[in-house]
Amino acid sequence: MDGPEQVRARLEETGYLVDDGLAIACFLALRLHRPVFCEGDAGVGKTALASALAEALGAPLIRLQCHEGIDASQALYDWDFPRQLLHLRAAEAAGVKDAERLERELYDRRFLVARPLLKALQTQPSVLLVDEIDRADDEFEAFLLEVLSEFQVTIPELGTLRAEVPPVVVLTSNRTREVHDALKRRCLYHWFDHPGFARELAIVRRRLPEVSARLAEQVTALVQALRAEDLLKPPGVAETLDWARALDALGASEVDAELAVATLGSVLKYREDTDRARGLDFAAVLAARGA
Ligand SMILES: Nc1ncnc2c1ncn2[C@@H]1O[C@H](COP(=O)(O)OP(=O)(O)OP(=O)(O)O)[C@@H](O)[C@H]1O
Ligand SMILES: [Mg+2]
């Protein structure tokens, strides 16, 4: 792609709307083959960016979901132990005695199980999503840094495998802990803010064309107002979409204060937040939007 504008246009075609900062980050990631490190609150579109990029590039999305205790055998590769065992038994039954030959056979590529990182190195082009890296531990982070620095891995039994074209890499973090500077240094960083009214409305309209324009506008205004309250978990774009979907499913083409309060469960997921939200003057927010 020629420049940030083209990246923006291609992402928009997939239904994903970006601001200038993110369009530039994505363009540079593609041009310089650098991973994009996406940090921000829940539900602001970090994971969706990777799917949108994959769709825009016509490349498969390969996802590595991080969790506590994740290790190289889950992320990179593993050996298919049951099949190796079967092969061993068959070889024994056939009277094969040559131990060296057996070992060579056991660590043949056909018994290699490629996990997401290896798959991404072997699939060209591809988009690799390393989702929620903050959930993994330090050791895994260091390991990931190594893979992402060289876009190559060494499998002792097989040698070094290198990606001819590095995958496009999107890393996401909810910032439950700080990710080390060494990893960040390899990446382009983008902080995902909650979108402003106009962009969020555009996202709702784009994602949910079936929802009435008026309802979309009202829901967006209400969510923007809720975010200004001091909530434990401010709603993300995901919740705005859920709320609009829920109201639409109830047959509403617009919302009043009473219906908004009755359906708050679509948007706020903590009792304390629901209590606090009741203090918000929903009617006034709607009135400001000409409701
Ligand atoms: N800029 C955007 N354009 C279009 N849709 C968006 C945008 N931002 C978010 N969305 C939509 O909002 C929803 C939530 O996004 P997503 O799951 O990517 O959030 P996230 O930041 O990964 O959240 P979490 O931290 O909880 O994993 C998705 O349905 C996504 O399509
Ligand atoms: Mg996510």
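The values are calculated or read from the model by the stated rules, or taken from the named source; none is laboratory data. Every value quoted in this text rests on a predicted model; they were computed, and no experiment measured them. Because the Cβ atoms are built from the backbone with ideal geometry, glycine has one as well, and the counts that use them run over all protein chains shown.
Table: residues versus (1) of a type in the set (A, V, I, L, M); (2) buried (at least 21 other Cβ atoms within 10 Å of the Cβ); (3) on the phi < 0 side of the Ramachandran plot.
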position: E5; (1), (2), (3): no, no, yes
position: F37; (1), (2), (3): no, yes, yes
position: G43; (1), (2), (3): no, yes, no
position: L61; (1), (2), (3): yes, no, yes
position: Q65; (1), (2), (3): no, no, yes
position: H87; (1), (2), (3): no, no, yes
Scanning region 245-291 residue by residue, the ones that are under 18 Å from L215 (Cα atoms) and hydroxyl-bearing (S, T, Y) total 3
Test for V130: is it assigned by TED's automatic domain parsing to the domain that holds L61, within 16 Å of ligand 1 (Cβ to nearest atom) and assigned to a strand (DSSP E or B)
yes
Within region 156-167, which residues are farther than 22 Å from L53 by Cα, in contact with a strand residue (DSSP E or B) (Cβ under 9 Å, 6 or more places away or on another chain) and outside any strand (DSSP E or B)?
E157, L158
Residue identified as more than 16 Å from the chain's Cα centre (by Cα), assigned to a strand (DSSP E or B), touching a residue at least 40 places away in the same chain (Cβ under 8 Å) and surrounded by 17 or more Cβ atoms within 10 Å (Cβ to Cβ) among V170, V153, V147:
V153
So, A283, is that one assigned to a helix (DSSP H, G or I), in contact with a helix residue (DSSP H, G or I) (Cβ under 9 Å, 6 or more places away or on another chain) and over 27 Å from Y16 (Cβ atoms) or not?
yes
If E239 passes every condition in (1) more than 21 Å from P116 (Cβ to Cβ); (2) in the same structural domain as H33 (by TED's automatic domain parsing); (3) at pLDDT 95 or above but one, which one does it miss?
(2)
Being aliphatic (A, V, I, L, M), part of a helix (DSSP H, G or I) and in contact (Cβ under 8 Å) with a residue 40 or more places away in the chain is true for just one of A59, A54. Which residue is that?
A54
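Is it the case, given these coordinates, that R83 is in contact (Cβ under 8 Å) with a residue 24 or more places away in the chain and either outside the structural domain of L128 (by TED's automatic domain parsing) or part of a strand (DSSP E or B) (or both)? Step through it out loud before you land on a result.
Working: in contact (Cβ under 8 Å) with a residue 24 or more places away in the chain: yes; either outside the structural domain of L128 (by TED's automatic domain parsing) or part of a strand (DSSP E or B) (or both): yes.
In short, yes.
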